[in-house]
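**Q** Below you will find the structure I want to go over with you.
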């Protein structure tokens, strides 16, 4: 099952996408590589989208959560817009800043995070949404 991946699918496809044995056959997926709600909210704060607390409110559980996951969430609309419209210059600036958040525990490097930002920008631009963060154990 996906772990903190971003799914673009119709809302009526979401339940099937998170319960099937073949989730990657439904919708379009972005492998988020462990960047979950907290990491994305801190990124949004660094980008000046909103405060962490305001961003966190934009991540809401969708549907009845399964006991053992996955737990799909909406993604803050302002954050989605900011990520889809990142300039190359801003991506270069954000890589080193984003590495400094506690959640990465020093394991992320600026180049890898810049690569992530370029890829998520492309994913968001290529898909019309809606977008869901799918968290699983």
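The values are calculated or read from the model by the stated rules, or taken from the named source; none is laboratory data. Here the structure is a predicted model, which means the values were calculated and not measured. Cβ: placed from backbone, ideal geometry, glycine included. Neighbour counts: every protein chain shown.
**Q** Report whether or not residue 7 is surrounded by 19 or more Cβ atoms within 10 Å (Cβ to Cβ), closer than 22 Å to residue 110 by Cα and touching a helix residue (DSSP H, G or I) at 6+ places or on another chain (Cβ under 9 Å). Steps first, answer last, please.
**A** Details: surrounded by 19 or more Cβ atoms within 10 Å (Cβ to Cβ): yes; closer than 22 Å to residue 110 by Cα: no; touching a helix residue (DSSP H, G or I) at 6+ places or on another chain (Cβ under 9 Å): yes.
No.
**Q** Now for a different question. Within the range 64-102, how many residues are over 22 Å from residue 122 (Cα atoms) and out of contact with any strand residue (DSSP E or B) (no Cβ under 7 Å at 6 or more places or on another chain)?
**A** Qualifying residue count for the region: 7.
**Q** What number of residues within the range 51-60 are within 19 Å of residue 84 (Cβ to Cβ) and not in a helix (DSSP H, G or I)?
**A** Of the residues in the range 51-60, 2 are within 19 Å of residue 84 (Cβ to Cβ) and not in a helix (DSSP H, G or I).
**Q** With respect to residue 55, is the statement that it is more than 11 Å from the chain's Cα centre (by Cα), surrounded by fewer than 18 Cβ atoms within 10 Å (Cβ to Cβ) and modelled with pLDDT of 90 or more true? Walk me through how you get there before you give the answer.
**A** On the way: more than 11 Å from the chain's Cα centre (by Cα): yes; surrounded by fewer than 18 Cβ atoms within 10 Å (Cβ to Cβ): no; modelled with pLDDT of 90 or more: yes.
So residue 55 fails the test.
**Q** Let me ask you something else. Output the qualifying pairs, or none if there are none: Cβ atoms under 6 angstrom, residues six or more apart or on different chains, first residue in the range 44-71 and touching a residue at least 60 places away in the same chain (Cβ under 8 Å), second residue assigned to a loop (DSSP other than H, G, I, E, B).
**A** 69/136; 69/137; 70/1; 70/136; 71/65
**Q** Got a sec? Which of 130, 72 is closer than 16 Å to residue 6 by Cα, in contact with a helix residue (DSSP H, G or I) (Cβ under 9 Å, 6 or more places away or on another chain) and either at pLDDT below 95 or crowded, with 20+ Cβ neighbours inside 10 Å (or both)? It would help to see each step written out before you state the result.
**A** Details: 130 fails: either at pLDDT below 95 or crowded, with 20+ Cβ neighbours inside 10 Å (or both).
Result of the check over 130, 72: 72.
**Q** Report, by residue number, each residue of the range 19-52 that is touching a strand residue (DSSP E or B) at 6+ places or on another chain (Cβ under 8 Å), crowded, with 20+ Cβ neighbours inside 10 Å and within 17 Å of residue 100 (Cα to Cα).
**A** Of everything in the range 19-52, just one residue is touching a strand residue (DSSP E or B) at 6+ places or on another chain (Cβ under 8 Å), crowded, with 20+ Cβ neighbours inside 10 Å and within 17 Å of residue 100 (Cα to Cα), namely 40.
**Q** Follow-up question, since we're still on this one. Does residue 62 qualify as being at pLDDT 95 or above and either farther than 27 Å from residue 26 by Cβ or touching a helix residue (DSSP H, G or I) at 6+ places or on another chain (Cβ under 8 Å) (or both)?
**A** Values: at pLDDT 95 or above: no; either farther than 27 Å from residue 26 by Cβ or touching a helix residue (DSSP H, G or I) at 6+ places or on another chain (Cβ under 8 Å) (or both): yes.
So residue 62 does not fit the description; no.
**Q** I want to confirm something. Restricting to the range 20-50 and keeping residues that are out of contact with any helix residue (DSSP H, G or I) (no Cβ under 6 Å at 6 or more places or on another chain) and assigned to a strand (DSSP E or B), which single residue is nearest to residue 9 (Cα to Cα)?
**A** 28
**Q** Let me ask another. Give the residues of the range 107-125 that are surrounded by fewer than 18 Cβ atoms within 10 Å (Cβ to Cβ) and touching a residue at least 24 places away in the same chain (Cβ under 8 Å), sorted by residue number. Show your work before the answer.
**A** Restricting attention to the range 107-125, the residues satisfying the condition of being surrounded by fewer than 18 Cβ atoms within 10 Å (Cβ to Cβ) are 107, 109-112, 115, 118-119, 122, 125.
Hits for the range 107-125 are 118, 119, 125.
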